[in-house]
Amino acid sequence: MNLHCCELPFLPFDFASDADHRGQNLSTYEDQTDVLYKNPLSYLYRFFPEKVDLLFPPSPKPFTLPGSAPTAVETWDHRWPSHLIFFGALLEHDGVETLLKRKGYREAWAARGSWEEDWRRRGGVKVWKWRP
């Protein structure tokens, strides 16, 4: 199974100065979720290959290592998995549902929740599976 996670790329933090010893700053920090939701379609085109590899190999560089330079975002490199798990809000962005369907993904399971206070978590949990 290939899982995607977002590790905080911070080393020991100095809360008095808003920066750790490498100069990272919380006021400008963006995790992968922030980058994804800024422009989901662009993220999918930029960090995923054009074609789905039916062997569904693991992604070579799915996240930024903790403590990495902020420019490490440029090195993310994902592969299309057999299953996608996401919140329904992602499908509200222009072109995302169309792209996923064009790649061969279809909804396999969905559930609604009542804890969707973050706009990015609205629309329930979706599981989409690649199907030929």
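The rows are residues; the columns are (1) more than 16 Å from residue 41 (Cα to Cα); (2) modelled with pLDDT of 95 or more; (3) not aliphatic (A, V, I, L, M).
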{"residue": "58", "(1), (2), (3)": "yes, yes, yes"}
{"residue": "63", "(1), (2), (3)": "yes, no, yes"}
{"residue": "66", "(1), (2), (3)": "yes, no, yes"}
{"residue": "72", "(1), (2), (3)": "yes, no, no"}
{"residue": "89", "(1), (2), (3)": "no, no, no"}
{"residue": "96", "(1), (2), (3)": "no, yes, no"}
{"residue": "117", "(1), (2), (3)": "yes, no, yes"}
Exercise. Looking at (1) farther than 23 Å from residue 131 by Cβ; (2) buried (at least 16 other Cβ atoms within 10 Å of the Cβ); (3) at pLDDT 95 or above, can you tell me which one residue 79 breaks?
Worked result: (1)
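One line per residue, one yes/no per condition, for (1) touching a Phe, Trp or Tyr at 6+ places or on another chain (Cβ under 8 Å); (2) loosely packed, with under 15 Cβ neighbours inside 10 Å; (3) at negative phi; (4) part of a loop (DSSP other than H, G, I, E, B):
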{"position": "98", "(1), (2), (3), (4)": "no, yes, yes, no"}
{"position": "101", "(1), (2), (3), (4)": "no, yes, yes, no"}
{"position": "108", "(1), (2), (3), (4)": "yes, yes, yes, no"}
{"position": "114", "(1), (2), (3), (4)": "no, yes, yes, yes"}
{"position": "117", "(1), (2), (3), (4)": "no, yes, yes, yes"}
{"position": "123", "(1), (2), (3), (4)": "yes, no, no, yes"}
{"position": "127", "(1), (2), (3), (4)": "yes, yes, yes, no"}
{"position": "132", "(1), (2), (3), (4)": "no, yes, yes, yes"}
Problem set entry | region 29-64: number of residues that are in a helix (DSSP H, G or I), aromatic (Phe, Trp, Tyr) and either farther than 16 Å from residue 99 by Cβ or under 9 Å from the mean Cα position of the chain (by Cα) (or both) | 2
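Just checking, how many residues over region 87-96 are assigned to a helix (DSSP H, G or I) and either exposed (fewer than 15 other Cβ atoms within 10 Å of the Cβ) or touching a residue at least 60 places away in the same chain (Cβ under 8 Å) (or both)?
1
The values are calculated or read from the model by the stated rules, or taken from the named source; none is laboratory data. Since this is a predicted model, take the numbers as computed values, not measurements. Neighbour counts run over all protein chains shown; Cβ positions are idealised from the backbone, glycine included.
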